[in-house]
Amino acid sequence: MIKDRIKTAFIQFAPLLGNPGLTLNKIQSLLSTLPDLDLIVLPELANSGYNFTSAKQAFELSESVLQSDFVDFLTGFAKTRDIVIVTGFNEQEDAKLYNSSLLITPGGIAGKYRKIHLFMNEKSFFEPGNLGLPVIDVGFCKLGMQICFDYIFPETWRILGLKGADIICHPSNLVTPYAHKVLPAQALMNRYYIVTANRIGTEGDITFSGRSIISDPEGDIILEAPRDSESVLFADLSLEKARNKNLTALNHVYHDRFPEQYKDLGC
Ligand code: ACM
């Protein structure tokens, strides 16, 4: 079913590093306040927290998608509320860890992305993503995923646009000030929405920067959360706007490309 208005929320909060039970309680209570929506985006590593003190801790706080109270709760919630959820997830598979994003529909897990571009110490804990850049048709629109630092690599945004994504869900644990310069520009350049769900709080020597945002196909920020408080904010996203790829009557951001002139990119 195609809807024109996609009711979308981001959940900005602080997962509790080392306490997955309390983190899940917090998510349950935040989600219980929501009105009827189509799409919810949660931050990066929402099941575990971020700033692990050791590989052992990162591993202990990881979960398999097949054996996870966190996933079980979100799949149940998506089914009961007939909603799509995208969430960051510290994923364990075959004794390897991935910084992943799960796309959960009322029918269960419908897609998964694994962060390709690892930031700072993440390189000590996670494998780089190996699932490419999926775009998933959830019935009412097409969703792509990026995770936090991926935002600095323009190729990923373009690939998702070329695959027809209407909305990019971007679970994040941002720490540097650069994302807010990039995200609206990428939304404009690719003429889609970007929903960035960031986290708040401090873990060890890292303070996360909040300010979760939704950027629209005109390059405007249509919603922005405060820097340091828990926030559940929602907006209506227009599918018609995301599917209009014309910047002017004579300029279409995909049809006007000249890939044969871009061969120096090497891909
Ligand atoms: C980041 O990629 N979590 C900064």
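For region 118-259, averaging the sequence separation of C-alpha pairs within contact (under 8 Å, six or more residues apart) and dividing by the residue count gives a relative contact order of 17 percent.
From least to most packed, judged by other beta carbons within 10 angstrom and beginning with the fewest, Glu224, Glu260 follow the order Glu260, Glu224.
Taking every C-alpha pair closer than 8 Å and separated by at least 6 residues, the mean separation divided by the residue count of region 64-144 gives a relative contact order of 22 percent. Nearest 10 degrees is fine. How inclined is helix 179-190 to the longest principal axis of the chain, computing both from alpha carbons? Value to nearest ten degrees: 40. For the chain, a Kirkwood radius taken over Cα pairs fed into Stokes-Einstein (20 °C, viscosity 1.002 mPa s) yields D = 116 µm²/s. Take every Cα pair under 8 Å whose residues are at least 6 apart in sequence, average their separation, divide by the length of the chain, and the relative contact order is 20 percent. Straight-line cross-link partners of Lys241 among the lysines, defined as a Cα under 25 Å from its Cα and at least 8 positions apart when in the same chain: Lys3, Lys7, Lys142, Lys163, Lys181. Please say if region 90-212 is rounded, prolate or oblate, where rounded means a/c under 1.5 for a ≥ b ≥ c the square roots of the C-alpha gyration tensor eigenvalues, and otherwise the choice is prolate for a/b larger than b/c and oblate otherwise? Since a/c reaches 1.5 but b/c is at least a/b, the shape of region 90-212 is classed as oblate.
Ordering Leu174, Leu24, Leu143 by the number of other Cβ atoms within 10 Å of each residue's own Cβ, fewest first, gives Leu24, Leu174, Leu143.
Of all DSSP-defined beta bridges confined to the chain, some 70% are antiparallel rather than parallel. An oblate overall shape is assigned to region 1-156, the ratio a/c of its alpha-carbon gyration tensor axes (a ≥ b ≥ c) being 1.5 or greater and a/b not exceeding b/c. Cross-link partners for Lys96 among the aspartates and glutamates, with Cα-Cα distance under 16 Å and sequence neighbours closer than 8 places in the same chain left out: Glu60, Glu63, Glu122, Glu127.
In plain terms, the chain from Asn121 to Asp82 could stretch by 10.3 nm, reckoned as 0.36 nm per residue minus the Cα-Cα distance.
No value in this document is a laboratory result; all are computed from the given coordinates. Predicted model only: the values in this text are computed from it and were never measured. With ideal geometry, Cβ positions are generated from the backbone for all residues, glycine too; neighbour counts draw on all protein chains shown.
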